[in-house]
Structures are given as structure tokens and as C-alpha cells.
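Here the structure comes first, spelled out in C-alpha cells, and everything after it is commentary.
The values are calculated or read from the model by the stated rules, or taken from the named source; none is laboratory data. From a predicted model like this one, the values you see are computed outputs, not experimental measurements. We place every Cβ from the backbone using ideal geometry, glycine too, and count neighbours over all the protein chains shown.
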Amino acid sequence: MRFAYADPPYVGCGHYYPEKAEVDQIALIDRLIGDYPDGWALSCSSPSLQRLLGACPRDVRVMAWVKPFAVFKPNVGVAYAWEPVIVRGGGGAHGSSTPCVIGCASASRSSRDLWGPSRRSSACGCSRC
């Protein structure tokens, strides 16, 4: 069984990363579908969720990665305290021997690394029961 977890920069945020490049997330979804038929998960932002779901198969689920912290910015009306994670596969019917998928994860980010550890820990916890 092969399961992929993709954590690209948010749509429109590629310039914050060393590569200074945007990721074609629609092409990424196509690659996940083709290369990982057993299942995959894709972290994204809530503003891009609707557009990305349009490129996904109908059998995906949206999980919530809940951040126990929230950044409040002046003159910004929304404090983003969650992140959608689109998931395909990886869970069985309730009561079967196949593990089910928990619909949410909660993890704090490290103060030293804004991008990596919290998402890795949430990915590790999102498919056990």
C-alpha cells in the first residue's frame, strides 16, 4: 500500500519559499490520483478549497487540521485557525479490519519552523483508529 501526503505552498504563496515558484496544484492532484491509487492527502488553504475540490474525484473527504493557535492581524477579519486537508482512500468501513480515518487533527507548530513539523505530526495521526 502506498499513501502520499502533499504539503505544497498555499495558492499564491510560492514567493515565500526558497524556490520562489508557484505549484500547479491541479496538476499535483492529477499526479496524486494517478500515482497513489491507495490514497493520498493534500493540505491546502480554506480560500483555495472550493477550486481544488473541483479537480478532485467525488470520493474525497475534507478533514480539518485545527491549529490550537490563531494569528490575529490588524484590519484582517478572519483568523485562520484551521486548514483543510483533502483525503482520498486510506479508510475502511466502520467495524472492518481496515483502519478508519479520523476527520480532524490538532497540532501546534514549532516556534522554530513555521512550515513543517505540525503538518507532519497531523499527517501521522490522521489515519489511525
Please go through the range 47-63 and pick out each residue that is more than 11 Å from ILE86 (Cβ to Cβ) and either in contact with a strand residue (DSSP E or B) (Cβ under 6 Å, 6 or more places away or on another chain) or among the small types (Gly, Ala, Ser) (or both). GLY54
Count, please, the residues in the range 48-69 that happen to be within 17 Å of VAL11 (Cβ to Cβ) and in contact (Cβ under 8 Å) with a residue 24 or more places away in the chain. 9
Close pairs from the range 11-31: first under 16 Å from ALA41 (Cα atoms) and exposed (fewer than 15 other Cβ atoms within 10 Å of the Cβ), partner modelled with pLDDT of 95 or more and of a type outside the set (D, E, K, R), Cβ under 8 Å, at least 6 apart: ILE26/LEU52; ILE26/ALA55; ASP30/ALA55
